[in-house]
Amino acid sequence: MAKVFYDQDVNWDVLKGKTVAIVGYGSQGHAHALNLKDNGVDVVVGLYAGSHSAAKAQAAGLAVKTVADAVAAADVTMVLIPDEKQADVYQSEIKPNLKPGSALAFAHGFNIHFKQIVPPADVDVFMVAPKGPGHLVRRTFVEGGGVPDVFAVEQDATGTCFDLALAYARGIGGTRAGVIQTSFQEETETDLFGEQAVLCGGICQLITNGFETLCEAGYQPEIAYFETFHEMKLIVDLMYEGGMAKMRKSISDTAEYGDYTSGSRVVTPASKQAMKDVLADIQSGAFAKDWLLENRAGGRAHFLAMRRQHAEHPLEKVGAKLRDMMPWLHDADQKD
Ligand code: NAD
Ligand code: MG
Ligand code: MG
Ligand code: MG
Ligand code: MG
Ligand code: MG
């Protein structure tokens, strides 16, 4: 079992008197910046000229500079812009201003693990990655709690990088909930696998196949939507709260019996083999190469075509219509 680190395991002194540059003020950026600031850390936000986020950050009482100036002023630079943009911004604005003995930090391992960013040997390199979206990182912090993080040390130039990573995790509230050590490799590969095989790719395709099966058998799409999609949230909420056992306790015995007898007929050993193939493409770098090429050469043509195609699926059309009958769902959109 992994060791879990809490507030009392943190040497907070390593962050004292230091300036942290938060590059990017999106989902993670705003949460890291505000939580650190509330913990008394000197924070400067780095954004490109004309960024819409600048006014928001200033209104929250944060100093905003160009990325170059923020990095030049910083002892710790946390890179929180979209992963596919990080390498370019690193080359043009971060690298030329990175002070020897300072730290370069990330919330996802992609660019370091796949060598899109190769930091100089004289800086610390660490990761603190919250296991939740930024609005939750901020909200739980304000409420006195925190979202668990994983953290990793890739390069320890100063001899204090481990302590610094843990202090940063405390700064954003992570050690209130508990943080677990990982490596850039483990975090990157497992994150990509989870989102591709299970959380995003796997679940969306499972739902789509279920919806199509009912529609092709002549059932009404509205009914198919409720049975294969809408109820997913109720089921996942129960699993999230209390494991599969809590979900199975809550459903009928009929549903539970069908769960055991049919689940493995649908998601078969062949699916598991396909998962292993997906993992192999992640581990070999084939997926990363493909995605980076898509961003560089193709102007994202294939990505945008797939986005359009998936948005036009009948499941999405009927879903939008039915969700309009449930206005409280739109309220939930706004809540976070
Ligand atoms: P985001 O898309 O929400 O925010 C990106 C921010 O970067 C925006 O403020 C944007 O204005 C800014 N930006 C874009 N280009 C820029 C440039 N050239 N110079 C300066 N600023 C620029 O991003 P996010 O979802 O917060 O992701 C940031 C990092 O956090 C990524 O590495 C991601 O993998 C990681 N992460 C995200 C989540 C999540 O739930 N969103 C969770 C854990 C880790
Ligand atoms: Mg993830
Ligand atoms: Mg991810
Ligand atoms: Mg039902
Ligand atoms: Mg039951
Ligand atoms: Mg039922």
- Cα-Cα pairs of the range 22-79 separated by more than 14 Å (percent): 44
- Task: Give me the percent of the accessible area of the chain that comes from carbon and sulfur atoms, probe 1.4 Å, all protein chains in place.
- Result: 56
- For the range 238-270 and the range 133-184, what is the separation of their C-alpha centers, rounded to whole Å? 34
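Per DSSP H run of n ≥ 4, the term is -39500 (n - 2.57); total these for the chain, divide by its residue number, and report the mean residue ellipticity at 222 nm rounded to 500 deg cm²/dmol.
Details: 18 runs with 183 residues, N = 336.
Helices in the chain give a 222 nm mean residue ellipticity of -16000 deg cm²/dmol.
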- Given the protein chains as shown and a 1.4 Å probe, how many square angstrom of L292 are accessible, to the nearest 10? 20
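Order the following by accessible area, largest value first: I180, I81. Probe radius 1.4 Å; ligands, DNA and RNA are ignored. Present the calculation step by step, with values, prior to reporting the outcome.
Working: I180 65, I81 30 Å².
Putting I180, I81 in descending order of accessible area: I180, I81.
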- Surface accessible to a 1.4 Å probe, T66 within the full protein complex, Å²: 60
- Return one whole number: the accessible area per residue of the chain in Å², for a 1.4 Å probe. 54
- Message: Counting only other residues whose beta carbon sits under 15 Å from that of D69, what net charge do I get with K and R as +1, D and E as -1?
- Response: 0
- Task: Give me the Debye-computed log₁₀ of I(q)/I(0) at q = 0.07, 0.08, 0.12, 0.13 Å⁻¹ for the chain, equal point scatterers on Cα only, no solvent, two decimals.
- Result: -0.36, -0.46, -1.00, -1.13
- Message: Let me test this: with uniform point scatterers at the alpha carbons of the range 73-212, what is the Debye-based log₁₀ I(q)/I(0) at q = 0.14, 0.20 1/Å?
- Response: -0.69, -1.21
- Task: Find the percent of Cα-Cα distances in the range 255-295 that exceed 15 Å, and round it to a whole number.
- Result: 59
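The values are calculated or read from the model by the stated rules, or taken from the named source; none is laboratory data. Because the structure is a prediction, the values reported are computed rather than measured. Every residue, glycine as well, gets a Cβ built from its backbone with ideal geometry; the counts of neighbours run over all protein chains shown. We work out accessible area using only protein heavy atoms, side chains counted, and drop any ligands, DNA or RNA first. Shrake-Rupley method; radii C 1.70, N 1.55, O 1.52, S 1.80 Å.
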